[in-house]
Amino acid sequence: MKLEELKLKRQLNVNEQILLKKHYIIEKAKFWREKGLPEPIKSLLKEYRINTDTCIVLQYDQDLIWGSTDEGLLLTEEGRFYEFDADLTKDKSKLIELYSFIEVTAQYSIKDKVKGCGKTEGFIAMEVLKELNSNKRKEIV
């Protein structure tokens, strides 16, 4: 079954659910790798010794009406999950205020088999991270 057909399907089995989750994680990670994070966020990550070329963005919201201008979740090559919450200028060129930057790895289960749901989202994210980074290394060689 094609991905587009899966998206329209009303009930998905466990393998189909995993396939869709992985697809959405890959889409978001590739989008932010291609677009690039705003410079203040890149600088922030550099301060925390996080390589923006090898981490993946799992969630990134910008200009939310009820919250900060930029907040997100990322996964580092070392397998650590981090959340950040910051206000940037309208043009995304400067950091106004950093509200939080915290490691949330303990909140994520990384298991390849969980009864009733198969792989956890944390495990799928780790798979995507490894795939994208191995593809990146192949492109360099």
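Numbers below:
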{"read-out": "Which numbered condition GLY67 misses (of (1) within 30 Å of ASN15 (Cα to Cα); (2) more than 12 Å from the chain's Cα centre (by Cα); (3) not acidic (Asp, Glu))", "value": "(1)"}
{"read-out": "All helices (runs of 4 or more DSSP H) inside the range 1-110 with 2 or more residues being under 21 Å from VAL128 (Cβ atoms) and open to solvent by 40 Å² or more (accessible area, probe 1.4 Å)", "value": "3-8, 14-35"}
{"read-out": "Evaluation of SER43 against (1) under 17 Å from the mean Cα position of the chain (by Cα); (2) at pLDDT 90 or above (one fails), failing number", "value": "(1)"}
{"read-out": "Condition met for GLY122 (under 30 Å from ASN15 (Cβ atoms), small (Gly, Ala, Ser) and not in a loop (DSSP other than H, G, I, E, B))", "value": "yes"}
{"read-out": "Residue list for the range 11-63, filter: without any contact (Cβ under 8 Å) to a residue 60 or more places away in the chain and aliphatic (A, V, I, L, M)", "value": "LEU12, LEU19, LEU20, LEU37, ILE41, LEU44, LEU45, ILE50, VAL57"}
{"read-out": "Failed item, numbered, when THR69 is tested on (1) within 21 Å of MET126 (Cα to Cα); (2) of a type outside the set (A, V, I, L, M, F, W, C); (3) at pLDDT below 95", "value": "(1)"}
{"read-out": "Candidate set: the range 111-126, residues that are touching a helix residue (DSSP H, G or I) at 6+ places or on another chain (Cβ under 9 Å) and touching a residue at least 40 places away in the same chain (Cβ under 8 Å); chosen: the one surrounded by the most Cβ atoms within 10 Å (Cβ to Cβ)", "value": "ALA125"}
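The values are calculated or read from the model by the stated rules, or taken from the named source; none is laboratory data. Predicted model only: the values in this text are computed from it and were never measured. Counting neighbours? That spans all protein chains shown, and the Cβs are built from the backbone with ideal geometry, glycine included. Keep in mind that these areas ignore ligands, DNA and RNA; they rest on the heavy atoms of the full protein, side chains included. Shrake-Rupley method; radii C 1.70, N 1.55, O 1.52, S 1.80 Å.
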